[in-house]
Amino acid sequence: MKVRWWVTVLQLTELFVSSLVHLSYGLYIFSTGVAGDVSQTLSNWIFKQNFEDNKEMKTNSSKDLPLIVLVHGIFGFGKGRLGGLSYFAGAEKKDDRVLVPDLGSLTSIYDRARELFYYLKGGQVDYGEEHSKVCGHFQFGRVYEQGHYPEWDEDHPIHLVGHSAGAQVIRVLQQMLADKAFKGYENTSENWVLSITSLSGALNGTTRTYLDGMQPEDGKSLMPVCLLQLCRIGVITYEWFDIPWLKDYYNFGFDHFSMTWRKSGIRGLLDCLLGNAGPFASGDWILPDLTIQGSIRLNSRLRTFPQTHYFSYATKHTTKVIGLAGILGAHPLLFIRIMQMSQWRHPQDVSPPYKGYRDEDWWDSDGALNTISMTHPRFPVEHPSHLVIKDSDCQPLQPGIWYYKFVEGDHILFVVNRERAGVQFDLIYDSIFERCRKHVLRKTPTLPNQVPLE
C-alpha cells in the first residue's frame, strides 16, 4: 500500500513538472511571436521600406522551378501565425519557391491533408461528407479565395517536406491524389508530387503518446489523469472562448467543429469537457494517429509510389548508457521524455501492437518520436528502403525507395530556433533543397525521332 502511494506521488509530480515545462515553453513561443510582430511593425513604421518588389522579382525569375512546400508538425504553425515567427526557423528563405502553409496544429492527419490540398489549389476545404458525419463536424471549412498554387497538376508537380506529424500529412495527401479523393478534381494522381522528404517524421507512430496519456490498449482513448487530459481541457476552453485576436495569432484548427460559445453555449462546453462531443470524443484529432496502432491503420492504406522520390532524416538523442549521458544537450521540453522512452515497456497484459514487437526496438528516440519510426514506413508492411551514410553513395536517386539518414539531435533541433542546431541547420536544409533542385528529376520518355539532350 505504501509503495503504491509513493508511485502515485511520483506520477503526479512528473505530471506537474511536465505540464509546467510545456506551458512555459508554449508561453515563451507565444511571447516571442508577439515581440517579433511588434518589432517588425515598428521597423516598418520607422523605415517604411518596401521589400515586396524585390521578393516578387526573385520569385518570377525562378517561376519554372517546382514548388517546395514545408509542412509543420503537431502544435506547429505556418506563415502568418505568431507574428513573424518561423516554424522552420527561416529555412524557407533558402529558396525562392517555398510555401509554409498553416494547417490545424491538433487536427487529425486526414483533416490536415484535406486542408493542404485546398490551401494549394484554392476553394473551400471539403472534409468529405461521410467523414464529417462520422466525426461530428461541418463538411466544409476555410475558404481560400485564391489558391497559393492553383496551377498545381501533373505537369506542375511539387516537392513536399514534412516535419514530425507533417510527414504523415504529406503521405496521406499523395494517397488522396492517387485515389482521386477530391470532388471536382478527377484528374489528380500521385504524380502531382515529385518528392517527399520526412524530417524527424512520425512514419510509424511513437511510444511517447502512451507516456503522455493515450491508452496502449486501443491507441484511441485517454487515461483519466494525464498530460493529454490537461491539454484537452485547455484546448476546449481556448476554442470555446473564441477570442478573435488570440486565434489570429494561434489556432488549433478546430473551427469546423461547433465548439465556440456562440455556437454551442454553456451546454456545448460541458459536453466537450465531459467527452460527449467534439474532436476528442470522436477521435478526430492528431494524437490517435500518432500511436503505433493509429499509424498502422494509416500505413495500411498508404503506398510508396514508383515515380516519387522519398528521403527521410531520423533523429536520435539517446545513447547506450541510460541516464544523464543520454540527455546532455537535449531541449528541456524533451529530456524527461527521452529518459522515459529509453526505458519504455509495453504493458504485459496488453496485446502488442504488431507481430514481432520488441520493446528494445523502440528505445532510441529524439524525445518525441522513436528513431525506428522515422526511417521509413515499416508497419504493417515494410516499404523499400536504403540507409545513406554518404549522400554521394546514393546518386543517382531512384524513385520508389525510401532513402534514410541518421542525424544526432532532438526532435525540435531543426525548427523554431536556428541557433540551437548551429551549422547542422544549414547542412540539413541545404541538402534538402539541393536534392529537390538537382537530384530529383522525373524522367520523360524520349519520343520517336527525338534526340536526347546530352
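The values are calculated or read from the model by the stated rules, or taken from the named source; none is laboratory data. All figures in this text were calculated on a predicted structure; none of them were measured in a lab. Neighbour counts are summed over all protein chains in view; Cβ atoms, including those assigned to glycine, are modelled from backbone coordinates with ideal geometry. Keep in mind that these areas ignore ligands, DNA and RNA; they rest on the heavy atoms of the full protein, side chains included. Shrake-Rupley method; radii C 1.70, N 1.55, O 1.52, S 1.80 Å.
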Check: What helices in the chain pass both tests, a Cα length along the helix axis of 27 Å or more and a mean Kyte hydropathy of 0.5 or higher, using whole DSSP H runs?
Finding: 2-47
Next item on the list: Report the FRET efficiency, 1/(1 + (r/R0)^6), for S221 and I46, where r is their Cβ-Cβ distance and R0 is 51 Å, rounded to 0.05.
Entry: 0.45
Next item on the list: Consider just the alpha-carbon atoms of the chain and return their Rg together with their Dmax, both in angstrom.
Entry: 22.2, 86
Check: Among G219, S342, G123, whose Cα sits farthest toward the positive end of the charge dipole of the chain (+1 at Cβ of Lys/Arg, -1 at Cβ of Asp/Glu, about the Cα centre)?
Finding: S342
Next item on the list: Using the structure shown, select from K355/K405; K183/K355; K63/K247; K220/K247; K316/K438; K93/K183 the pairs with a Cα to Cα distance greater than 31 angstrom.
Entry: K183/K355; K63/K247; K93/K183
Item checked: Alpha-carbon Debye profile of segment 124-193, log10 I(q)/I(0) at 0.16, 0.18, 0.26 Å⁻¹ -> -0.67, -0.85, -1.33
Note to self: What distance in nm lies between label points placed 7 Å from Cα along the C-beta direction at D155 and H131?
What the structure shows: 2.9 nm
Margin query: Quick check: with the 1.4 Å probe, what order do S342, S385 take by accessible area, largest first?
Written below: S385, S342
Check: Roughly speaking, what is the stretch gain from Y185 to D426, that is 0.36 nm per residue apart minus the C-alpha to C-alpha distance, in nm to one decimal?
Finding: 83.0 nm
Check: Per 5 Å bin, what is the whole-percent P(r) computed from every C-alpha pair distance within segment 304-424?
Finding: 2, 11, 18, 18, 17, 16, 11, 5, 1, 0
Next item on the list: Net charge near V169: determine it from the other residues with C-beta under 13 Å of the C-beta of V169, scoring Lys and Arg +1 and Asp and Glu -1.
Entry: -1
Note to self: Testing the spin-label approximation: label points 7 Å from Cα along Cα→Cβ at I233 and R301. State their distance in nm.
What the structure shows: 3.4 nm
Next item on the list: Could you work out the local net charge near C394, counting Lys and Arg as +1, Asp and Glu as -1, over the other residues with Cβ closer than 13 Å to its Cβ?
Entry: +1
Note to self: I want the local charge near Y404. Using Cβ-Cβ distances under 15 Å, sum +1 for each Lys or Arg and -1 for each Asp or Glu among the other residues.
What the structure shows: 0
Item checked: ³J(HN,Hα) computed for each position of segment 393-407 - Karplus, 6.51 cos²θ - 1.76 cosθ + 1.60, integer Hz, glycine/proline x -> 6, 10, 9, x, 5, 9, x, x, 10, 8, 7, 10, 9, 8, 10
Next item on the list: Please give the calculated 222 nm ellipticity per residue for the chain, where each DSSP H segment of at least 4 residues contributes -39500 (n - 2.57) and the sum is spread over every residue; nearest 500 deg cm²/dmol?
Entry: -11500 deg cm²/dmol
Next item on the list: Would you please give the residues with an amide H less than 5 Å from that of Y310, counting only those at least 5 places away or on a separate chain, with H modeled from the backbone geometry?
Entry: I196, G400, I401, Y403
Checklist line | FRET efficiency estimate (nearest 0.05) - Cβ-Cβ, Q398 to S282, R0 45 angstrom | finding: 0.65
Item checked: All-pairs alpha carbon distance profile, segment 90-247, 5 Å steps from 0, percent -> 2, 7, 14, 19, 20, 17, 12, 8, 3, 0, 0
Item checked: Burial order of peptide ranges 71-82, 211-222, 369-380, 388-399 (average beta-carbon count within 10 Å, highest first) -> 369-380, 71-82, 211-222, 388-399
Next item on the list: Taking just the C-alpha trace of segment 171-281, give me its Rg and Dmax in Å.
Entry: 18.0, 48
Notebook entry, point to check: Label-point separation (nm) for E434 and Q348, each offset 7 Å from Cα along Cα-to-Cβ?
Noted result: 5.1 nm
Next item on the list: Could you please put K316, K247 in sequence from largest to smallest accessible area, using a 1.4 Å probe?
Entry: K316, K247
Checklist line | Part-to-part distance (alpha-carbon centres) for segment 375-409 and segment 221-270, which is given in Å | finding: 39 Å
Margin query: Can you divide the C-alpha Rg of segment 62-169 by 2.2 N^0.38 Å and report the result to two decimal places?
Written below: 1.08
Check: Can you list the residues, at least 5 places off or on another chain, whose amide H is less than 5 Å from the amide H of T315, using H built in the peptide plane?
Finding: S200, V407
Notebook entry, point to check: Per 5 Å bin, what is the whole-percent P(r) computed from every C-alpha pair distance within segment 228-324?
Noted result: 2, 10, 16, 15, 13, 11, 11, 11, 7, 3, 1
Check: How far is the Cα center of segment 117-141 from the Cα center of segment 146-175, in Å?
Finding: 17 Å
Check: Which FRET efficiency value, to the nearest 0.05, do you get for V17 and Q124 by plugging their Cβ-Cβ distance into 1/(1 + (r/R0)^6) with R0 = 60 Å?
Finding: 0.90
